[in-house]
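K.L.:
The structure that follows is given in the form of structure tokens.
Where a number appears in this text, it was derived from the coordinates with a stated rule and is not lab data. Note that this is a predicted model, so its numbers are computed, not measured. Backbone-built Cβ (ideal geometry, glycine too); neighbour counts: all protein chains shown.
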Amino acid sequence: MLTEDEIEMFKTQLLQRKIRIQKNLKDTASELDGMMELELNDEGDYAAATADSIVDSAILVQQRKELNEIETALDKIENHTYGICEMCEEPIGRARLEVKIFARFCITCRQINEKAQR
């Protein structure tokens with residue numbers, strides 16, 4: 001089980017990451033809005049802008065997904081269930097949480113879950 005100090009440390013890291021992602025989402029959305037206002041002179045400009053837009057959109061999707069995971073982890077901290085595997089209800093190891101701060105499953109259950117999704 002995690003100590004109160006460890007939970008506070010993870011909460012601080014989650015909140016910092018949340019702020020960074022929210023800023024990234026805002027900045028990327030502004031860039032995409034700016035690209036839509038560009039006057040593109042030829043097909044090369046259009047292709048480059050489109051490629052950048054696709055990459056930025058993929059990043060936005062991934063960042064929104066991570067933001068949702070962070071929100072879930074913060075809710076779990078409030079509900080005193082952070083660091084508990086959603087499948088087996090055993091503690092998730094600190095080492096795993098240090099690698100993936102919003103981990104929902106212990107290593108064993110993560111592997112089972114991934115195999116089931118394939």
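K.L.:
Could you check the range 85-100 and list, in sequence order, the residues that are surrounded by 17 or more Cβ atoms within 10 Å (Cβ to Cβ) and among the β-branched types (V, I, T)?
P.N.:
Residue satisfying the conditions is I92 alone.
K.L.:
Please go through the range 94-118 and give me each residue that is touching a Gly at 6+ places or on another chain (Cβ under 9 Å) and farther than 16 Å from L14 by Cβ, ordered by number.
P.N.:
C106, I107
K.L.:
How many residues are in contact (Cβ under 8 Å) with a residue 12 or more places away in the chain, surrounded by fewer than 16 Cβ atoms within 10 Å (Cβ to Cβ) and of a type in the set (A, V, I, L, M, F, W, C) if we restrict to the range 1-20?
P.N.:
Residues flagged as in contact (Cβ under 8 Å) with a residue 12 or more places away in the chain, surrounded by fewer than 16 Cβ atoms within 10 Å (Cβ to Cβ) and of a type in the set (A, V, I, L, M, F, W, C) within the range 1-20 amount to 2.
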